[in-house]
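Taking it in order: structure first as structure tokens, then the write-up.
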Amino acid sequence: MSGYFLWTDDQGRLDRSEIGEQPLTIGSRSPCGVVVDNDAVGPIHAAIEREQNGCRLRRLSRVRTLSVNGRPAEEQRLSHGDKIALGTYEGRFVSAVSVASRMLRLVLTREEGEIRVDLPVAGSITVIGRLEGDVLVDDSGVSSRHLEIENFGPGLRYVRDLGSTNGTELNGKPLGSNRHPLEDGDVLAIGRVRIAVKDGGKTPDSVSGVVQRTVIFVPDTARA
């Protein structure tokens, strides 16, 4: 099983790096896979490598400290959500699974006279767009690939715009390409569509994969 390292660059932007077939090295200089411009981080400080059933962290620096969840570490198997500190600099490890442990409910609305769509979403990474992605929204103001929601569990949920033409709003404020924390009750706006985000509870054991969903808004004839 693979995983991701969530880390903040020198501009304060949260980034996501995948642990692939080769170990992901973390340090202050290239050719590290993650280059952190921070005085607390050594040139080649640590590495995360994939194992058969997970990922393992190793300290590579002889003089710089490394800890997991506040405890010193030389070599340690990682668990989802672990906090990795390289000196005073901190990142997070999350497991790369296709189905999240807890679902999200996306409640989509458009015109007042149209039926709202209540959509359970189980993916840990969900792309919303008009032509490409996991959730396809039939609205001319939505770009082909509009935004991305990362659901790694409560406290580890993020949203970012994918360079859409009309942009995205989060709670009435413009959302750029930087990741922003996504909380229960937040409202996203894309084109004419509003998306209320809610926690959807534990993902049923019967959900083993993610399928593409299409949202088409239709008139609410019950109001007529």
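The values are calculated or read from the model by the stated rules, or taken from the named source; none is laboratory data. The structure displayed is predicted, hence computed values, not measured ones. All Cβ positions, glycine included, derive from the backbone under ideal geometry; neighbour counts span all protein chains shown. Note: accessible area is taken over every heavy atom of the protein model, side chains too, but ligands, DNA and RNA are not part of it. Shrake-Rupley method; radii C 1.70, N 1.55, O 1.52, S 1.80 Å.
Laid out as a table, the results:
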read-out: Taking the C-alpha atoms of region 55-127, convex hull volume expressed per residue in Å³; value: 127
read-out: Potential extension, R71-N178 segment - 0.36 nm per residue separation minus Cα distance; value: 35.5 nm
read-out: Kirkwood Rh in Å, taken over all unlike Cα pairs in region 105-167; value: 12.5
read-out: Average accessible area per residue (Å²) across region 34-82 - probe 1.4 Å, nucleic acids and ligands excluded; value: 59
read-out: Bridge type composition, region 130-224 - antiparallel percent by DSSP, nearest 5; value: 85
read-out: Semi-axis lengths, Å, region 95-221, gyration tensor of Cα atoms, sqrt of 5 times eigenvalues; value: 21, 17, 14
read-out: Extended-chain gain in nm, criterion 0.36 nm per residue less alpha-carbon gap, D9 and K202; value: 66.3 nm
read-out: Restricting region 126-201 to GluC sites (Glu not before Pro) in coil, as DSSP defines it, with at most 16 other Cβ within 10 Å; value: E132, E183
read-out: Average accessible area per residue (Å²) across region 84-134 - probe 1.4 Å, nucleic acids and ligands excluded; value: 42
read-out: Orientation-averaged projected area, Cα convex hull of region 1-82 (nm²); value: 5.3
read-out: Surface accessible to a 1.4 Å probe, I44 within the full protein complex, Å²; value: 90
read-out: Whole-angstrom gap from region 104-143 to region 163-224, using each part's C-alpha centre; value: 5
read-out: Label-to-label distance, nm, for residues given as V210 and Q22 (7 Å Cα→Cβ offset); value: 2.7
read-out: Residues whose placed amide H lies under 5 Å from that of C55, excluding near-sequence neighbours; value: L78
read-out: Region 114-182 - percent of accessible surface contributed by carbon and sulfur, probe 1.4 Å; value: 46
read-out: Cleavage-rule hits (trypsin sites (Lys or Arg not before Pro)) in region 28-102: DSSP loop, at most 11 neighbouring Cβ within 10 angstrom; value: R62
